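The values are calculated or read from the model by the stated rules, or taken from the named source; none is laboratory data. Since this is a predicted model, take the numbers as computed values, not measurements. Backbone-built Cβ (ideal geometry, glycine too); neighbour counts: all protein chains shown.
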Amino acid sequence: MNYGIIAKVIGSLLIFEAAMFLPAFMAGVYYDETSSLVFLGVMLLTLVVGGILTRFTHSSRDIRAKEALIIVAGGWVAVSAFGALPFYLSGAIPSYMDAFFETVSGLTTTGATILHDIESLDKGILFWRSFTHWLGGMGILVLTLAVLPALGVGGFQIFKAETPGPVADKLAPKMKHTAVILYTAYFGITVLETVLLMFGGLSLYEALVHTFGTVGTGGFSTLNSSIGGYSSAYVQWVIAIFMVASGVNFSLYYAAYRKRLSDVFQNEELRFYLLIIITATMLIFFDLQWVFHGSVFTTLRHSFFQVASIMTTTGYATVDYEQWPVFSQSVLFFLMFVGGCAGSTGGSIKVIRLLVLVKLVKREIMHILHPRAMLPVKIHKRLLEADVIASVTSFYVLYLLIMAAGTMLLTLENIDIISAFSAVAATLGNIGPGFGFVGPTQNYADFSMPAKGLMSVLMLMGRLELFTVFILMTPDFWKERA
């Protein structure tokens, strides 16, 4: 095992994180808050530790699959550990475990919080809290890939272990260019939403914070009542539309930029993704109209917003959807297990896996009718290889097993099984709010420290697509081969 290269890359990642504290530090300075001194101290500490790690010697600059897995998992834990320090040292979150939970939730774009009175916190602290969504959304390690070549380090193995979805493809021959392409689209969408929200009357600070939560599909807000605190229909529509846009595979934006529009319009995952959103929105809309007989446009807005929020695993809310009819709640509940597209900032199972599952079921039905027929499974007109199909089915099995085990463990908190199951689904799927004990008007503060530790692990497992974490738990992984 090349531990030197592992230390070097994680050290580089911490140096990058130290630089990322700068915007929050500047926000604290601008609003004349004491938190700015905390950010300055944490910035220097993180920089020193990162610098020490980069001094480790390494036997080779090549990164194998094993080293990549350790770098990805270790990198997320290290960044979360240092990212929690501003919350803890400023006194915004007195418990370090709570601060770690909040940071993991931010970086994994989950949006689960332990905070009750958000509006009482310093603006610099709230800026960092939401900025973690933006950093974690596309993947902090994907951004680091842009600088790894300067260190003489190759990064495709890291990209494969980091990128959400069953298949990771490079968009350009060099990983540096792939990272730049992805972040150009990411940055462009961020700027556009920020400008549009400012047109809606939000300050630059408010627009940035809520854009971070939208584009990163995280859901942290500066308001206790989330987006419901803004009575502006315009603001809610803008955020809802950009939540949907952020759940799209970002490589399709590059394809659109290169004028390969056929690649976009013929993308099966994108069409299935939009079909689910439209269908779920109309089901909830008609249910709410049938029960409440409210304004058509208001009902449509809230229906679309909550579908977009849950489907993309963002977690913003405009209303308390637990007051909706049971049918509408059930639609949202099942959307928790869909998520965004592969290669997006959305979490959960991902639309591509659901699409593969649908095609597999269809193949089995057709195979019964036509036993001798050859029925290959294709996605985007490309034949799916057997190992990809096996990976998808294994993912489903593992996801269900973790859901069951996590739910049983959380029932030790003496909460009802629906709340326990919902909490596991919301953290493993990187969604944030759920139902019952963790509904849209509740939070995770009342869970015990062991439960918060468990859910922190679930958030990391969900963000890293399960296998990355599970492989590290196998004894065979750590055996050196001759």
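When Pro371, Pro433, Pro376 are checked against the criterion of being touching a strand residue (DSSP E or B) at 6+ places or on another chain (Cβ under 9 Å) and either over 30 Å from Leu182 (Cβ atoms) or outside any helix (DSSP H, G or I) (or both), a single residue qualifies: Pro376. Quick check on segment 141-156. Is at least one of its residues closer than 22 Å to Gly213 by Cα, surrounded by fewer than 24 Cβ atoms within 10 Å (Cβ to Cβ) and modelled with pLDDT under 90? Yes, segment 141-156 contains at least one residue that is closer than 22 Å to Gly213 by Cα, surrounded by fewer than 24 Cβ atoms within 10 Å (Cβ to Cβ) and modelled with pLDDT under 90. Any residue in segment 386-405 that is among the small types (Gly, Ala, Ser), in contact with a Leu (Cβ under 9 Å, 6 or more places away or on another chain), at pLDDT 90 or above and not in a loop (DSSP other than H, G, I, E, B)? No, segment 386-405 contains no residue that is among the small types (Gly, Ala, Ser), in contact with a Leu (Cβ under 9 Å, 6 or more places away or on another chain), at pLDDT 90 or above and not in a loop (DSSP other than H, G, I, E, B).
Restricting attention to segment 110-119, does a residue exist that is closer than 26 Å to Thr313 by Cα, out of contact with any helix residue (DSSP H, G or I) (no Cβ under 8 Å at 6 or more places or on another chain) and acidic (Asp, Glu)? The answer is yes, given that some residue of segment 110-119 is closer than 26 Å to Thr313 by Cα, out of contact with any helix residue (DSSP H, G or I) (no Cβ under 8 Å at 6 or more places or on another chain) and acidic (Asp, Glu). With the condition kept exactly as written, say whether any residue in segment 447-455 is over 21 Å from the mean Cα position of the chain (by Cα) and either surrounded by 23 or more Cβ atoms within 10 Å (Cβ to Cβ) or not in a helix (DSSP H, G or I) (or both). Taking every residue of segment 447-455 in turn, at least one turns out to be over 21 Å from the mean Cα position of the chain (by Cα) and either surrounded by 23 or more Cβ atoms within 10 Å (Cβ to Cβ) or not in a helix (DSSP H, G or I) (or both). Is at least one residue of segment 327-335 outside any loop (DSSP other than H, G, I, E, B), free of Cβ contacts under 8 Å to residues at least 12 places away in the same chain and on the phi < 0 side of the Ramachandran plot? The answer is yes, given that some residue of segment 327-335 is outside any loop (DSSP other than H, G, I, E, B), free of Cβ contacts under 8 Å to residues at least 12 places away in the same chain and on the phi < 0 side of the Ramachandran plot. Of the residues examined, Phe470 is not one that is in contact with a helix residue (DSSP H, G or I) (Cβ under 8 Å, 6 or more places away or on another chain), of a type in the set (Phe, Trp, Tyr), buried (at least 16 other Cβ atoms within 10 Å of the Cβ) and in a helix (DSSP H, G or I). Whenever a residue of segment 371-382 is more than 16 Å from Val358 (Cα to Cα), its partners that are modelled with pLDDT of 80 or more and of a type in the set (A, V, I, L, M), lying with C-beta atoms within less than 9 angstrom and at least six residues away or across chains, give the pairs Ala373/Met366.
Select from segment 213-253 the residues that are assigned to a loop (DSSP other than H, G, I, E, B) and crowded, with 20+ Cβ neighbours inside 10 Å and list them in ascending order. Those that are assigned to a loop (DSSP other than H, G, I, E, B) and crowded, with 20+ Cβ neighbours inside 10 Å: Gly216, Thr217, Gly218, Gly219, Phe220, Ser221, Tyr230, Gly247, Val248, Asn249, Phe250.
For beta carbons closer than 6 Å, sequence separation of 6+ or different chains, a first residue in segment 189-212 that is in a helix (DSSP H, G or I) and a second that is modelled with pLDDT under 95 and among the aliphatic types (A, V, I, L, M), the qualifying pairs are Ile189/Val215; Thr190/Val215.
Only one of the numbered conditions (1) modelled with pLDDT under 95; (2) farther than 18 Å from His302 by Cα is not met by Ile227, and that is (2).
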